[in-house]
Amino acid sequence: MATSIPHFLLLFLFAIQCIHAQSNEEHGCIAAEVSNSGLDFLKNLLVEKAESSLVPLELPVITKSAKIPVVGNVQMVLSNITIETIHVTSSTVKSGDTGIVIDVSGATANLSMDWKYSYNTWLLPISVSDKGRATIQVEGLEIGLTLSLKTVEGSLKLSLLECGCYVNDISIKLDGGASWLYQWLLDAFEDKIGSAVEDAVPSKIKDAIVKLDNLLQTLPKEVPVTDIASLNVTFVNDPLLSNSSLDLEIDGLFSAKNEVSLLSTNKRHRFIQDSFSCKEADKMVAISLHEDVLKSASSVYFEASKMHWIVDNVPDQSLLNTAGWRFIIPQLYKKYPNRDMNMNLSAFSPPIIEVEKQQIRGKIPLDVVIDVLDADEVIPVACISIVISTSVSAEISGNTISGSVKLNDFTMSLKWSNIGDFHMRLIQTLMSTTLKTVVLPYINLKLSKGIEIPSFHGYELRDPQLLSEDSWIVICSDVASVEAVQNLPGFLSM
């Protein structure tokens with residue numbers, strides 16, 4: 001059996017796993033709702049990345065002079081001041097009308113620096129100087145930032161609205177130096193070092209946000225799925241921020257490569273109802289797909305003439321010989337006695353797909369051409385039009401989506417014949433047997449193998465659930481690193 005049609009069926013299931021406000025009354029066909037726990041997970045990733053990417057951070061040279069009793073006028077220079085490590089012990093994230101607010105409290109930072117001083121005194125005829133290294137411990141470092149997330153020309157635009165930093169306490173440890181110098185250094189430079197840290201950290205964060213925004217701008221707006229189809233991943237509308245979630249929408253329709261979607265974009269969709277979400281499941285993210293995603297995939301494969309396959313091998317091979325049809329279509333056997341046959345199946349219009357509660361219904365319109373194999377010649381003798389009604393059940397286990405197709409009903413009619421009319425009731429019985437014993441088992445074998453949802457930069461879905469109702473398919477899931485998932489109890493026994 002040729003394998004063109006299973007590609008569409010795999011794409012059908014792939015669409016289920018894709019992920020990621022009111023604006024011009026337009027809604028996307030794929031929506032992602034990130035809950036507070038999901039935002040907290042993203043925040044922890046951001047903080048972890050910031051701890052390493054913000055350092056080393058060099059501060060400007062600090063100079064100061066002061067008159068000290070007995071000693072005289074002392075000149076002090078601090079150079080090569082570098083924040084070497086930052087450790088965050090507590091952080092929070094909140095979303096709302098003002099944007100995404102991240103607060104860091106109780107953080108610590110370790111700094112190193114070179115110090116040098118010189119002074120002249122009436123006690124000595126020469127200038128006195130010394131130099132060395134010092135370490136600085138910053139305690140109670142507090143950082144707050146507010147981020148704005150907008151949609152600009154189909155891409156996400158990340159902006160830093162506010163950023164502040166406050167240092168609560170500083171301790172300095174000198175490597176060498178006079179004891180009197182320590183207290184003077186602490187008193188004289190504590191504020192300046194604190195101010196330098198409070199200026200440098202927000203500046204570095206601003207640069208990091210600009211780089212992250214530039215990365216967002218480079219994300220593709222179209223993702224190739226197969227050698228035929230691409231998925232439109234342009235963002236639609238501004239992200240919707242609330243006290244409990246961050247909602248994103250993308251166009252989400254399939255199209256032939258380098259072409260716009262064949263599905264009409266005049267029809268806009270309401271956003272999925274709050275009652276049908278992942279709140280009760282307490283998951284990090286909910287990925288919702290409208291049935292139009294599947295319809296667009298169907299249209300792409302239909303227009304590409306890929307909904308076609310040839311049945312040339314069946315369990316009861318006598319069905320593919322005219323002798324097996326001699327009592328069903330006597331004139332076929334009479335005209336072509338003991339000739340091998342095949343059935344050429346092709347869709348004559350895109351399949352109709354409707355998502356209902358916990359199932360997906362499909363109607364597949366097919367033309368079945370009966371071909372007789374006569375020596376090296378393939379002779380089409382008749383064409384029967386069939387509309388197959390099916391139910392598709394999809395499930396997700398681990399990171400694999402699989403499914404099965406059940407035959408509900410089918411109708412058929414004779415479209416044309418080169419061997420005269422024949423009794424469709426007898427043909428219907430044969431077609432029913434063929435569908436149940438050949439076509440559906442073949443499709444279900446492909447679907448049972450499933451599609452593994454790929455990890456994304458070392459992270460993958462964890463304990464996902466799949467729901468469907470009222471035109472929408474929803475995947476509710478947590479997210480974890482691949483390493484964390486593999487270390488779960490029982491993973492090795494799976």
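The values are calculated or read from the model by the stated rules, or taken from the named source; none is laboratory data. Here the structure is a predicted model, which means the values were calculated and not measured. Backbone-built Cβ (ideal geometry, glycine too); neighbour counts: all protein chains shown.
Tabulated data
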{"item": "Residue check for residue 421: of a type in the set (Asp, Glu), closer than 21 Å to residue 327 by Cα and either in the same structural domain as residue 383 (by TED's automatic domain parsing) or part of a helix (DSSP H, G or I) (or both)", "result": "yes"}
{"item": "Failed item in (1) farther than 27 Å from residue 129 by Cα; (2) touching a Lys or Arg at 6+ places or on another chain (Cβ under 7 Å), with residue 77 passing the rest", "result": "(1)"}
{"item": "Residues located in the range 63-82, provided they are touching a strand residue (DSSP E or B) at 6+ places or on another chain (Cβ under 8 Å) and over 18 Å from residue 175 (Cβ atoms)", "result": "63, 64, 65, 66, 67, 68, 71, 72, 73, 74, 75"}
{"item": "Scan of the range 84-129 for residues that are in contact with a Gly (Cβ under 8 Å, 6 or more places away or on another chain) and either at positive phi or not assigned by TED's automatic domain parsing to the domain that holds residue 53 (or both), ordered by number", "result": "106"}
{"item": "Subset of the range 450-469 [closer than 15 Å to residue 392 by Cα and modelled with pLDDT of 80 or more]", "result": "466, 467, 468, 469"}
{"item": "Residues that are among the charged types (D, E, K, R), over 16 Å from residue 370 (Cβ atoms) and assigned to a loop (DSSP other than H, G, I, E, B), drawn from the range 317-358", "result": "357"}
{"item": "Residue ID - nearest to residue 316 (Cα to Cα), chosen from residues in the range 343-361 that are surrounded by 19 or more Cβ atoms within 10 Å (Cβ to Cβ) and out of contact with any His (no Cβ under 9 Å at 6 or more places or on another chain)", "result": "343"}
{"item": "Test: residue in the range 132-141 that is at pLDDT below 95, farther than 22 Å from residue 201 by Cβ and surrounded by 13 or more Cβ atoms within 10 Å (Cβ to Cβ)", "result": "yes"}
{"item": "Single unsatisfied condition, residue 191 versus (1) under 23 Å from residue 148 (Cβ atoms); (2) at pLDDT below 90; (3) of a type in the set (D, E, K, R)", "result": "(1)"}
